[in-house]
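The values are calculated or read from the model by the stated rules, or taken from the named source; none is laboratory data. Fair warning: this is a prediction, and the values are worked out from it, not measured in the lab. Cβ coordinates were reconstructed from backbone atoms using ideal geometry, including for glycine residues, and neighbour counts include every protein chain displayed.
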Amino acid sequence: MSGSAAQLYDEDFVRWTEEQSSALRDAARVDTNLPLDWENLAEEIESLGRSQRHELRSRLAVILEHLIKLEHSPAIDPRAGWMDTISRERLNIEDLLRDSPSLKNQLATIIEQLKPRVTRLAGASLFGYETVRTLLHPSYTEDQVIGDWFPGEDPLPASGEREGPASAGG
């Protein structure tokens with residue numbers, strides 16, 4: 001593996017999978033006389049990147065569903081658990097984006113795609129299936145979803161940064 005490919009593997013795994021699958025397909029077009037199943041190798045490499053995207057979608061869906069529940073549920077008991085789950089999923093997303101920064105470019109799109117689905121899930125969980133339509137489409141921003149915000153707090157400033165003193169955890 002070339003130095004730049006090895007570096008990309010360490011810096012952005014999803015982008016590496018995209019580039020490597022493309023390189024494998026290019027290699028398949030050249031008569032190499034190597035007994036390799038080029039197309040399926042490329043597919044397997046691509047599937048590694050798809051699994052990272054799927055993980056991001058799953059974690060974002062959990063966050064969105066729990067944000068909706070926090071915003072709309074009158075129940076007190078489950079709130080701490082929902083907040084813990086949101087915090088844990090946000091940390092997992094931080095790790096995922098650290099390994100594959102190119103996924104950050106897809107956050108807003110994925111969040112918008114998930115909103116109708118998670119609204120139905122949260123509504124059904126909270127109110128039963130017959131009243132799901134009463135929930136409004138959530139308007140959470142990307143910064144609210146992956147940042148340090150919970151419903152009932154002031155919205156994050158436009159920059160996504162909290163105002164006031166910097167936190168020690170940084």
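Could you list all residues from region 85-117 that are free of Cβ contacts under 8 Å to residues at least 60 places away in the same chain and over 18 Å from residue 143 (Cα atoms)?
The initial filter retains those residues of region 85-117 that are free of Cβ contacts under 8 Å to residues at least 60 places away in the same chain, namely 85, 87-98, 104-117.
Across region 85-117, the qualifying residues are 116, 117.
Residue by residue through region 39-62, note down the ones that are modelled with pLDDT of 90 or more and more than 26 Å from residue 89 (Cα to Cα). Lay out the reasoning, then the answer.
First, the residues of region 39-62 that are modelled with pLDDT of 90 or more: 40-62.
Within region 39-62, 40, 41, 42, 43, 44 meet the criteria.
Among residues belonging to region 127-147 that are crowded, with 16+ Cβ neighbours inside 10 Å and more than 15 Å from residue 62 (Cα to Cα), point out the one that is modelled with the highest pLDDT.
Start the filter on region 127-147 by keeping residues that are crowded, with 16+ Cβ neighbours inside 10 Å, which leaves 132, 135, 138, 140, 142-146.
Narrowing further to those that are more than 15 Å from residue 62 (Cα to Cα): 132, 135, 143.
Details: 132: 56, 135: 63, 143: 93.
Ranking the candidates gives 143 first.
Assuming residue 110 fulfils every condition listed in (1) of a type in the set (Val, Ile, Thr); (2) farther than 26 Å from residue 15 by Cβ; (3) modelled with pLDDT of 90 or more apart from one, which condition is it?
Going through the list (1) of a type in the set (Val, Ile, Thr); (2) farther than 26 Å from residue 15 by Cβ; (3) modelled with pLDDT of 90 or more, residue 110 breaks only (2).
Any residue in region 55-84 that is without any contact (Cβ under 8 Å) to a residue 12 or more places away in the chain and among the charged types (D, E, K, R) sitting within a Cβ distance under 8 Å of a residue that is assigned to a helix (DSSP H, G or I) and surrounded by fewer than 19 Cβ atoms within 10 Å (Cβ to Cβ)? List the pairs, counting only those 6 or more apart or interchain.
79/70
Which one is farthest from residue 99 (Cα to Cα) among residues in region 1-38 that are among the small types (Gly, Ala, Ser) and modelled with pLDDT under 90?
Step one: of region 1-38, the residues among the small types (Gly, Ala, Ser) are 2-6, 21-23, 27-28.
Imposing the further condition that a residue be modelled with pLDDT under 90 reduces the set to 2-6, 27-28.
Numbers: 2: 19, 3: 18, 4: 16, 5: 15, 6: 13, 27: 27, 28: 28 Å.
The qualifying residue farthest from residue 99 (Cα to Cα) is 28.
Considering only residues that are closer than 16 Å to residue 147 by Cα and of a type in the set (Val, Ile, Thr), which ones fall in region 89-130?
Listed by number, the residues that qualify are 93, 110, 111.
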